[in-house]
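The values are calculated or read from the model by the stated rules, or taken from the named source; none is laboratory data. From a predicted model like this one, the values you see are computed outputs, not experimental measurements. No Cβ is skipped: glycine too gets one built from the backbone with ideal geometry, and neighbour counts run over all protein chains shown.
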Amino acid sequence: MFPEYRSLISQLKQENAHFAKIFDEHNTLDHEILRLEKDVVTSTSDEIDVLKRKKLKLKDEIYVMLKHAEEKSS
């Protein structure tokens, strides 16, 4: 996710607890979605859709924080 911000992501994960938390939540959701998509017998598409929406919301928040940090460093 956002390879162009790799170094900034590393920096923010160390310096900003909120950023680190939502970044980890995003990754956890990503893994859970992949797991559920592989196990179609026990998961529902509604359940997966809810997780995808949460993941997208976190991704949007991460992007806003990255852009804000980028602007501050310019």
- Note on the structure: Note: among Lys55, Lys13, just one is closer than 20 Å to Leu66 by Cα, in contact with a Phe, Trp or Tyr (Cβ under 8 Å, 6 or more places away or on another chain) and not acidic (Asp, Glu), namely Lys13
- Condition test on Lys13, is it at pLDDT 95 or above and within 19 Å of Ser73 (Cα to Cα)? yes
- Message: Of everything in the range 15-66, what is acidic (Asp, Glu) and either buried (at least 16 other Cβ atoms within 10 Å of the Cβ) or more than 20 Å from Glu4 (Cα to Cα) (or both)? Give them in sequence order.
- Response: Glu25, Asp30, Glu32, Glu37, Asp39, Asp46, Glu47, Asp49, Glu61
- Cross-chain or 6+ apart pairs with Cβ under 7 Å, the range 1-27 first and on the phi > 0 side of the Ramachandran plot, then modelled with pLDDT of 95 or more and among the β-branched types (Val, Ile, Thr): Phe2/Ile9
- Item | Those residues of the range 53-74 which are farther than 9 Å from His26 by Cβ and of a type in the set (Val, Ile, Thr), in sequence order | Val64
- Scan the range 48-74 and report the pairs whose first residue is free of Cβ contacts under 8 Å to residues at least 24 places away in the same chain and whose second residue is surrounded by 13 or more Cβ atoms within 10 Å (Cβ to Cβ) and not in a helix (DSSP H, G or I), with Cβ atoms within less than 8 Å and a gap of 6+ or a chain change. none
